[in-house]
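The values are calculated or read from the model by the stated rules, or taken from the named source; none is laboratory data. Not measured: the values here are computed from a predicted model. Heads up, the Cβs are rebuilt from the backbone with ideal geometry, glycines too, and the neighbour counts pull from every protein chain shown.
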Ligand code: UDP
């Protein structure tokens, strides 16, 4: 008997919505379900005081892939927001990412060669060895002072473990520049959707059937039988009932405050708190993502927390041990007939948004090519 849908898409986030949009365009029938009460996954924004509040953490779109930039611009126009976070270490203010503004404030110097000389001196303790963990990688990139004030404690809060126990790729996400340039990203294209991220997802899912508040794993029999194939974008280990053990994730707790009559709380969208003095890693003032000028503001303090099955999983911990366990889950996934996996949780990968879209489009191509 023919199934009602070609694809059941579990998860209405960016990966699932991109897949649904493309499949629909190619004449496939899709049913999209999500266990939350809204679409958009973690890029979902909630309007408070006419401000788009990034409900599941700040999202700044950036990419060097022109095709992906053109792709997202089909759904919404982007503003010219450039992310330039500020770091607050015990009341001292520094520019991020690590650049000449950071170095000159910290060491009272002015030129790239002075900064380079100090970093060279401070990384001598590594004795030229190739960095094998985040601590060594950080010291080798920016020296000991910056590691201690802007990286060590922030990273320990963020990941809940010592910097020596973390993979170095995490710190390589951040640019290090010997120019006076506070742009957090090196990517060619960057911005925030004018009107918010929800517009993208709404347009992607415009003509798809969407059911919310549905937990696929609890109603698997009912939903599995509706479609020929499944795209699952939730946690891969949860899908297999953690049968090989749990993968590690970091979760977040958000404390959002509406400040009535406060026009401008912190003067920047993102302020990182890089010492242990605060339990939160950053405060987001959402209006600055869209250059808001209204009379009120909304801020969110972001507290990293340990993940457990009652919490949302935000970050995969891509260290060697977990990556190996993921490989084993992937073996199981390959045997799962007519089920595809995708997204940050399905691929267990610290993806940025552009990479999510890219991966989803690749999967579409693979599917349609079959
Ligand atoms: N990081 C840091 N100090 C900062 C900002 C970032 O040490 O002020 C490190 C930290 O280990 C973090 C990593 O750089 O996990 C990547 O930061 P990014 O801002 O890319 O993280 P995300 O926005 O994805 O949480």
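Of all residues in segment 207-233, how many are without any contact (Cβ under 8 Å) to a residue 60 or more places away in the chain and exposed (fewer than 14 other Cβ atoms within 10 Å of the Cβ)?
5
Can you tell me which condition residue 123 does not meet? The list is (1) more than 12 Å from the ligand (Cβ to nearest atom); (2) within 30 Å of residue 67 (Cα to Cα), and all the others hold.
Answer for residue 123: the failing condition is (2).
I'd like to verify a number: residues in segment 179-193 that are surrounded by 15 or more Cβ atoms within 10 Å (Cβ to Cβ) and in contact with a helix residue (DSSP H, G or I) (Cβ under 7 Å, 6 or more places away or on another chain), how many?
Of the residues in that region, 4 qualify.
A quick yes/no check of all residues on (1) under 17 Å from residue 343 (Cα atoms); (2) part of a strand (DSSP E or B); (3) out of contact with any helix residue (DSSP H, G or I) (no Cβ under 8 Å at 6 or more places or on another chain); (4) within 16 Å of the ligand (Cβ to nearest atom):
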{"position": "213", "(1), (2), (3), (4)": "no, no, yes, no"}
{"position": "222", "(1), (2), (3), (4)": "no, no, yes, no"}
{"position": "231", "(1), (2), (3), (4)": "yes, yes, no, no"}
{"position": "237", "(1), (2), (3), (4)": "yes, no, no, no"}
{"position": "252", "(1), (2), (3), (4)": "no, yes, yes, yes"}
{"position": "256", "(1), (2), (3), (4)": "no, yes, yes, no"}
{"position": "271", "(1), (2), (3), (4)": "no, yes, yes, yes"}
{"position": "277", "(1), (2), (3), (4)": "no, no, yes, yes"}
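Can you find, within segment 327-352, the residue that is surrounded by the most Cβ atoms within 10 Å (Cβ to Cβ) among those that are touching a helix residue (DSSP H, G or I) at 6+ places or on another chain (Cβ under 6 Å) and not in a loop (DSSP other than H, G, I, E, B)?
Looking at residues that are touching a helix residue (DSSP H, G or I) at 6+ places or on another chain (Cβ under 6 Å) and not in a loop (DSSP other than H, G, I, E, B), I get 343.
Name the residues in segment 297-326 that are farther than 13 Å from residue 239 by Cα, away from the ligand (no atom under 16 Å from the Cβ) and surrounded by 15 or more Cβ atoms within 10 Å (Cβ to Cβ), would you?
297, 298, 299, 323, 325
Which condition number in (1) more than 28 Å from residue 359 (Cα to Cα); (2) part of a helix (DSSP H, G or I); (3) at pLDDT 95 or above is the one that residue 125 fails?
Residue 125 satisfies all of (1) more than 28 Å from residue 359 (Cα to Cα); (2) part of a helix (DSSP H, G or I); (3) at pLDDT 95 or above except (3).
Select from segment 281-312 the residues that are in a loop (DSSP other than H, G, I, E, B) and touching a residue at least 60 places away in the same chain (Cβ under 8 Å) and list them in ascending order.
281, 291, 292, 294, 296, 309, 311, 312 - these are the residues of segment 281-312 that are in a loop (DSSP other than H, G, I, E, B) and touching a residue at least 60 places away in the same chain (Cβ under 8 Å).
Within segment 62-81, take every residue that is surrounded by 15 or more Cβ atoms within 10 Å (Cβ to Cβ) and within 16 Å of the ligand (Cβ to nearest atom) and give me the one that is farthest from residue 280 (Cα to Cα).
Within segment 62-81, the match that is farthest from residue 280 (Cα to Cα) is 63.
Working carefully through the options 114, 156, find the one that is within 16 Å of the ligand (Cβ to nearest atom) and part of a helix (DSSP H, G or I).
Exactly one residue qualifies, and that residue is 156.
Just one of 94, 44 is more than 20 Å from the chain's Cα centre (by Cα) and within 27 Å of residue 298 (Cβ to Cβ); which is it?
Checking each option against the conditions leaves just 94.
Does segment 16-29 hold any residues that are in contact with a strand residue (DSSP E or B) (Cβ under 8 Å, 6 or more places away or on another chain) and crowded, with 24+ Cβ neighbours inside 10 Å, and which are they?
Within segment 16-29, 16, 17, 19, 20 meet the criteria.
Out of (1) outside any helix (DSSP H, G or I); (2) touching a strand residue (DSSP E or B) at 6+ places or on another chain (Cβ under 9 Å); (3) more than 10 Å from the ligand (Cβ to nearest atom), what's the single condition that is false for residue 185?
Result: residue 185 fails condition (3) only.
Of the numbered conditions (1) within 16 Å of the ligand (Cβ to nearest atom); (2) under 23 Å from residue 312 (Cβ atoms); (3) in contact with a strand residue (DSSP E or B) (Cβ under 7 Å, 6 or more places away or on another chain), residue 205 fails exactly one; give the number of that condition.
Of (1) within 16 Å of the ligand (Cβ to nearest atom); (2) under 23 Å from residue 312 (Cβ atoms); (3) in contact with a strand residue (DSSP E or B) (Cβ under 7 Å, 6 or more places away or on another chain), only one is false for residue 205: (1).
Give me the pairs: first residue in segment 165-177 and under 15 Å from residue 85 (Cα atoms) and within 9 Å of the ligand (Cβ to nearest atom), second residue in a helix (DSSP H, G or I) and at pLDDT 95 or above, beta-carbon distance under 9 Å, and six or more apart or on different chains, which are they?
174/141; 174/151
Condition first: more than 26 Å from residue 231 (Cβ to Cβ) and buried (at least 18 other Cβ atoms within 10 Å of the Cβ). Can you find one or more residues in segment 33-52 that meet it?
yes
Given (1) under 19 Å from residue 315 (Cβ atoms); (2) crowded, with 22+ Cβ neighbours inside 10 Å, identify the lone condition not met by residue 161.
The single condition residue 161 does not satisfy is (2).
Determine the pairs where a residue that is on the phi > 0 side of the Ramachandran plot, located within segment 119-145, has a partner that is exposed (fewer than 11 other Cβ atoms within 10 Å of the Cβ) and assigned to a helix (DSSP H, G or I) with Cβ atoms under 7 Å apart, the partner being 6 or more residues away or on another chain.
none
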